[in-house]
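Asks: Quick one: the structure is below, and I'll ask about it shortly.
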Amino acid sequence: MKVAYWPGCVSRGFTPELHGSMQAVAPLLDLELIEIDRGSCCGAGVIAEHNQELADTLNARTFALAAETPGELMMNICSTCQGAQSECQERLDASAEYRAEINTTLEAEGLAYEKGLVTNKNFLWLLVEEIGLENLTKKVKRPLTGLKVGPFYGCYIVRPTDRLGINDENPRDTYMEKVIEALGGEVIDYAGVHKCCGFPIITMNKKASLQMAGTHLADATDADADCLVVPCPLCHLNLDLQQPMAAGEIGRDLSMPVLHLPQLVGLALGLEPKELGLQRHVIKPTSVIDWTTAVVGSADGASSGW
Amino acid sequence: MPDYTLRLRRYDPESGEAPHYEDFQVELDGHRSVLEAILQVRGDQDGSIGVRCSCRAAICGSCGVRTNGKAGLACHTHLEDAAKRSKDGENVIVVEPMGNMPVIKDLIVDMEEVHWKKIRRVTPWLVAKEPVPEREYIVPHEAMVDVTQTMACIQCGACVSDCLTMEMDPLFVGPAALAKAYRFVGDPRDAEQEQRLSDLAEDPHGMYDCTHCFQCIEACPKGVAPMSQIMRLRRRAGSDFHIDDRNNGHRHEMAFVKNIRKNGLLHEADLLPDSYGGKFHPRAVPELLSSLPVVLRALKTGKVTIKKALLHEHKASPEIKRIFDTVENREVRIEYNLYISGNEDDLADDPSDVGGEAPAATATATATVTEAVVVEEQIIETETEAVVIEETVIEETVVEEIPAPVAEAETDVDAPADSEPTEGDNQ
């Protein structure tokens, strides 16, 4: 299927392995990514905090650009983009008058946001709702047998439930577990699954921010997870890049690899770790991959070294 | 009738025993409330169960508990909905006391120790503007609409219970108190708006300590959306009063906005130093030095290259700059508040829609707002039997869109209620 692809900023900035792994895994899922290359940052909640209309206008523009592509849907690979864009879309869809006001600003560029035209889904939602778990399982070449994976969603993709369309029909706050199982892995439940990585307050309250990351990583370690998987690059920054600092903050050694969702899917679909940029992580995924044979699995991974 | 297992967390500090879980079976319809189940068990099986409740109608805010991990009012949570969140098997409902507060006994937490102390922290009363008018203050109608959402708070503490920042930083002023702060910051009769904002911006555990986790929005049974109120506090502090706090809150916001205006996409390498006031700002030096290991790790793993950090690959198009200029140069910020103006689809379905016109976007402090307004204030005692004093004022004025500043559209907020109160929340 063709999708209007919104990679976001961080997947092309400080976590380039996310954008790269998504591009690598897309053909294996029969996804054609049509990048919305003129789009702008979703605002990550910060622009909306500064000026709501500004965030709504920028995202209305991105939606309008998505509508111009032949994509059936718009797909993002970032929980924060999903949450921030859903918030703007909720307001845009609520009032014709407000929409008209926003469109007045977009008019000069010949763009307009039209209600009901663009459905924006995170890669996680698309995997379950469009590609389907059975179909996904069929594509698995290297099942993640024995790999114990802890899901970490990121706040923006699980709350508020009504805005994000999380309900009995679409229990989107359980999709990560379903995908891990479909790929042959074992789901690890731990206290931090739906909690906050702490990234938004890293410049304002570094201590609390790192305590959040450290606590969730430690909880996952205690629950015997081999790795975490995240659909959000901002969570990845706090959980992987900042992990040594987080370990210092909570006073405990941590060595928990954190994978981006497309990386986990890519491994199971037979891609090589290097194609997925797994060498770019601060915490090397030794517990996930035996690099000498590129075998995925935890059984002897820990002893194989690098 | 379905059979539910109520798994209650029991704890009696006077007994000397550790907290433990105890199972009780109840036979009730799924649409009955968790509170009804608890009271039935207390009546029929174990009279020693400690639970606080009063109105049983989601008004008094006394019965906050956690059911299967989520905070809310026990009287406002259907058994069938709570059971859906079960991780312990079919029809098992784990009921625990709210989080972030010490437990007094079983399901009763010490609201005084955390919640009320924090509420008092924000000066939760109006500091009257001088000179005090002989009769009442006359304020623009829409200014009161602006604070309506925070007035819906019934002080149940559910947001405090589930706040993820408070879990790590117990000194955080917290969602309920900050929502209460906006109640006065947004009130034109208050004389100390700037002082209030500056106090909460300067506090290292104040308004910039919120981590955007949406837990309070999810937990609130009354649609107050405390996190949205915190963002409005920040908007007022930064854009209206230009309060440059020591927590880098406003600087980070401005650095982010500037970054996107310039690059279209976020250029992280600039954001960090700019959030501390620029690379050479005295404040930035120690912060950047402490971040050095992180930067080095990013370079080492090839996440980022020096070239990529220094060059700005992305440049914002003139279109994006134009949008920034257009919107930022408006005299009044435009905000569309869903709580107040609703969704056109819902309004179309609702024959009782009084306005009849499409709801307008509400601009802060001035300009266009219409519609029925419910101003509801509730003061609640935290005793076992809560006392509710309710003042309800209803206005059903429809104000045409008028250019700011608004002079004519004034509302006497002390006017007596002359019609039936309508439900303040949008459950």
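Asks: Counting pairs of alpha carbon atoms under 8 Å apart in space and at least six apart in sequence, what relative contact order in percent does chain A give?
Replies: Rounded, it is 19 percent for chain A.
Asks: For the stretch A:181-230, take the convex hull of the Cα atoms, compute a quarter of its surface area, and give me that in nm², please.
Replies: 3.7
Asks: What fraction of the DSSP beta bridges in the protein assembly as shown is antiparallel, stated in percent and rounded to the nearest 5?
Replies: Within the protein assembly as shown, antiparallel bridges account for around 60 percent of the total.
Asks: Which log10 I(q)/I(0) values, to two decimals, does the stretch B:249-328 give at q = 0.11, 0.21, 0.24 Å⁻¹ under the Debye formula with one point per Cα?
Replies: -0.33, -1.01, -1.16
Asks: Provide, in order from the shortest bin, the percent of all Cα-Cα pairs of chain A in each 10 Å bin, continuing until the bin that contains the maximum pair distance.
Replies: 6, 28, 35, 21, 8, 1, 0
Asks: Determine, for B:LYS118, A:LYS284, the number of other Cβ atoms within 10 Å of each Cβ, and report the residues in order from fewest to most.
Replies: Lowest to highest Cβ neighbour count: A:LYS284, B:LYS118.
Asks: Using a 10 Å cut-off around each Cβ, can you sort B:ARG9, A:ARG159 from fewest to most neighbouring Cβ atoms?
Replies: B:ARG9, A:ARG159
Asks: Which GluC sites (Glu not before Pro) does the stretch B:32-91 hold that lie in a coil by DSSP with at most 14 other beta carbons within 10 Å?
Replies: B:GLU90
Asks: Okay, next question. Relative contact order for the stretch B:3-109: what percent, with Cα pairs under 8 Å and sequence separation of 6 or more?
Replies: Contact order relative to length: 32 percent.
Asks: Dipole of chain A (Lys/Arg Cβ +1, Asp/Glu Cβ -1, origin at the Cα centre): which of A:LEU33, A:ILE250, A:GLY185 lies farthest to the positive side?
Replies: Highest projection toward the positive end goes to A:ILE250.
Asks: So how strong a dipole does chain A carry about its Cα centre when Lys and Arg Cβ are +1 and Asp and Glu Cβ are -1, to the nearest 20 debye?
Replies: With Lys and Arg at +1 and Asp and Glu at -1, about 660 debye.
Asks: Give, rounded to the nearest 20 debye, the magnitude of the charge dipole that the stretch B:3-109 has about its Cα centre when Lys and Arg contribute +1 at Cβ and Asp and Glu contribute -1 at Cβ.
Replies: For this selection, approximately 500 debye.
Asks: Using the Kirkwood radius over Cα pairs, work out the Stokes-Einstein diffusion coefficient for the stretch A:132-304 at 37 °C and 0.692 mPa s, in µm²/s as a whole number.
Replies: In µm²/s, the coefficient rounds to 202.
Asks: Work the Kirkwood hydrodynamic radius out for the stretch A:2-122: mean of 1/r over every pair of different alpha-carbon atoms, inverted, in Å.
Replies: 14.5
Asks: Mind checking the dipole of the protein assembly as shown: about its Cα centre, +1 per Lys or Arg Cβ, -1 per Asp or Glu Cβ, Debye to the nearest 20?
Replies: 4200
Asks: While we're here: Given a cut-off of under 8 Å on Cα pairs at least six residues apart, what relative contact order in percent is computed for the stretch B:249-328?
Replies: Relative CO of the stretch B:249-328 lands at 36 percent.
Asks: Pull up the cross-link candidates among the lysines for A:LYS207, meaning alpha carbon to alpha carbon under 28 Å and not fewer than 8 places away within one chain.
Replies: A:LYS195, A:LYS284, B:LYS70, B:LYS117, B:LYS118, B:LYS180, B:LYS258, B:LYS279, B:LYS300, B:LYS303
Asks: Still on this model: Average partner chain C-beta neighbours within 10 Å, per residue of A:192-199?
Replies: Mean number of neighbouring Cβ atoms from other chains: 4.
Asks: Still on this structure, I have one more. Cut-off 12 Å, label point 7 angstrom out along Cα-to-Cβ of B:ASP46: give me the residues of the stretch B:97-113 whose amide nitrogen falls inside.
Replies: From the stretch B:97-113, the list is B:106-107.
Asks: Stick to Cα atoms and the Kirkwood definition of Rh, then tell me Rg/Rh for the protein assembly as shown.
Replies: Reported Rg/Rh, Kirkwood definition of Rh: 0.96.
Asks: Would you mind telling me the antiparallel percentage of the DSSP bridges in the stretch A:132-304, rounded to 5?
Replies: So the antiparallel bridges in the stretch A:132-304 amount to around 20 percent.
Asks: Hey, how many Å between the Cα centroid of the stretch A:13-55 and the Cα centroid of the stretch B:313-337?
Replies: What the calculation gives is 20 Å, centre to centre.
Asks: Semi-axes of the equivalent ellipsoid for the stretch A:61-123, please: Cα gyration tensor eigenvalues, times 5, square-rooted, ordered largest first, whole Å.
Replies: 20, 14, 10
Asks: If you project the alpha carbons of the stretch B:3-109 onto the principal axes, what extent comes out on each, in Å, largest first?
Replies: Rounded to whole Å, the extents work out to 36, 30, 27 Å.
Asks: Counting other beta carbons within 10 Å of each residue's own, what order do B:VAL285, A:VAL229 fall into, fewest first?
Replies: So the ranking, lowest neighbour count to highest, is B:VAL285, A:VAL229.
Asks: Sticking with this one: How far is the Cα center of the stretch B:98-165 from the Cα center of the stretch A:151-202, in Å?
Replies: 31
Asks: In whole angstrom, how far apart do the alpha carbon centroids of the stretch B:286-302 and the stretch B:20-57 sit?
Replies: For the stretch B:286-302 versus the stretch B:20-57, the Cα centre distance is 54 Å.
Asks: Where does the longest stretch of chain A lie that holds no trypsin sites (Lys or Arg not before Pro) found in a DSSP loop with 13 or fewer other Cβ atoms within 10 Å?
Replies: Maximal segment without exposed cleavage sites: A:1-140.
Asks: Scan the stretch A:26-72 for GluC sites (Glu not before Pro) in coil per DSSP, keeping those whose Cβ has at most 15 other Cβ atoms within 10 Å, and list them by number.
Replies: Within the stretch A:26-72, the qualifying GluC sites (Glu not before Pro) (loop, at most 15 other Cβ atoms within 10 Å) are A:GLU72.
Coordinate-derived values only; no laboratory data. Please read all numbers here as calculations on a predicted model, not as lab measurements. Neighbour counts run over all protein chains shown; Cβ positions are idealised from the backbone, glycine included.
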